[in-house]
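> Quick one: this structure, given as structure tokens, is what I'll be asking you about.
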Amino acid sequence: MVSTPTHTRIRPFNTKDTYPEQNLDNDLCQAVVANGIVYLRGQIGQDLETRESVGIGDVEAQAEQATGVRTIGTHAVTTGDQAVAAGNMLADAYVVQAMIDAYQASSAATFEERLLAGFLGGLAAGGEEGPVRSAGLAVVEGVAWRVTDLRVDDADDPAAELNRLLTLWLPLKRDYLTRALDPGAAPSYGVPGDL
């Protein structure tokens, strides 16, 4: 017996209503919740009440829209050169600027390391209102999925643990990407079940 997957569509819409000038008729939605995972539709900011696009071509307007009226605690958003930082439940609104500053000051070789530098800059500026117990780092690069997807939950020092995981991951990253795209070209790791 095959079971039908269950999911919940959030903010459904049809393109014939949203983009009437394009003569389309597709049922879409802003997000889907399936098996406990939320999948978001990538796009520019959109007003959830009117469905109007926000800040087309204006990164600052899009970042401002991301905070929303329902954001809790001290929240802030700021932009830098090719970067946006946003947060809620912050110890201070300056935390997001510290993230941008640390990210842009980093001379690290990889994007992941520069993101981590931004995160550490935010922590040094006060981080969250309460203790920080978790951290994550995700990067989509060159393919349609997260090439780097690291997560730390409930740790005394999640920044140190995230740094440790990143240090382990980066030397393996290209090989795992090769394995996903062309398994026959990937190096062998000498483990049971390895190609």
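The values are calculated or read from the model by the stated rules, or taken from the named source; none is laboratory data. Please read all numbers here as calculations on a predicted model, not as lab measurements. Using ideal geometry, Cβ is built from the backbone for each residue, glycine included, and neighbour counts are taken over all protein chains shown. Only protein heavy atoms, including side chains, enter the accessible area calculation; ligands, DNA and RNA are left aside. Shrake-Rupley method; radii C 1.70, N 1.55, O 1.52, S 1.80 Å.
> Between a residue in the stretch 95-121 that is without any contact (Cβ under 8 Å) to a residue 12 or more places away in the chain and any residue that is part of a helix (DSSP H, G or I), which pairs come within a Cβ distance under 8 Å, given they are 6 or more apart or on different chains?
From the stretch 95-121, the pairs are 108/114; 108/116; 108/117; 114/103.
> Counting only residues that are part of a helix (DSSP H, G or I) and of a type in the set (Val, Ile, Thr), which one in the stretch 161-195 is least open to solvent (accessible area, probe 1.4 Å)?
Looking at residues that are part of a helix (DSSP H, G or I) and of a type in the set (Val, Ile, Thr), I get 178.
> If you don't mind, there's one more thing I want to ask. Quick one: would you say residue 97 is closer than 29 Å to residue 130 by Cα and modelled with pLDDT of 75 or more?
yes
> Further question: Under 8 Å between Cβ atoms, which residue pairs at least 6 apart in sequence (or on different chains) link something in the stretch 164-193 that is in contact (Cβ under 8 Å) with a residue 40 or more places away in the chain and on the phi > 0 side of the Ramachandran plot with a partner that is open to solvent by less than 50 Å² (accessible area, probe 1.4 Å) and among the aliphatic types (A, V, I, L, M)?
Nothing qualifies.
> A further question on this structure: Let me spell it out: the conditions are (1) under 20 Å from residue 180 (Cβ atoms); (2) open to solvent by less than 70 Å² (accessible area, probe 1.4 Å); (3) without any contact (Cβ under 8 Å) to a residue 24 or more places away in the chain, and residue 148 meets all of them except one. Which number is the exception?
Here residue 148 clears every test but (3).
> Can you pull out the residues in the stretch 159-183 that are touching a Leu at 6+ places or on another chain (Cβ under 7 Å) and either over 30 Å from residue 124 (Cα atoms) or modelled with pLDDT under 90 (or both)?
Result: 183, single match.
> Could I ask something else about it? Which of the residues belonging to the stretch 87-114 are in contact with a His (Cβ under 9 Å, 6 or more places away or on another chain), open to solvent by 40 Å² or more (accessible area, probe 1.4 Å) and not aliphatic (A, V, I, L, M)?
Of everything in the stretch 87-114, just one residue is in contact with a His (Cβ under 9 Å, 6 or more places away or on another chain), open to solvent by 40 Å² or more (accessible area, probe 1.4 Å) and not aliphatic (A, V, I, L, M), namely 88.
> For residue 141, state whether it is open to solvent by 60 Å² or more (accessible area, probe 1.4 Å) and either in contact with a helix residue (DSSP H, G or I) (Cβ under 6 Å, 6 or more places away or on another chain) or charged (D, E, K, R) (or both).
yes
> I want to confirm something. Restricting to the stretch 13-27 and keeping residues that are in a strand (DSSP E or B) and open to solvent by less than 60 Å² (accessible area, probe 1.4 Å), which single residue is modelled with the lowest pLDDT?
Here the residue is 13.
> Okay, moving on. In contact with a Lys or Arg (Cβ under 9 Å, 6 or more places away or on another chain) and of a type in the set (Val, Ile, Thr), is that true of residue 191?
no
> Can you name the condition, by its number, that residue 156 falls short on among (1) farther than 25 Å from residue 99 by Cα; (2) at pLDDT 90 or above?
(1)
> Count, please, the residues in the stretch 121-134 that happen to be farther than 14 Å from residue 88 by Cα, of a type outside the set (S, T, N, Q) and either modelled with pLDDT under 95 or out of contact with any helix residue (DSSP H, G or I) (no Cβ under 6 Å at 6 or more places or on another chain) (or both).
Residues meeting the conditions: 2.
> Looking at (1) open to solvent by less than 90 Å² (accessible area, probe 1.4 Å); (2) of a type outside the set (Asp, Glu); (3) on the phi < 0 side of the Ramachandran plot, which one does residue 126 not meet, given that it meets all the others?
For residue 126, the exception is condition (3).
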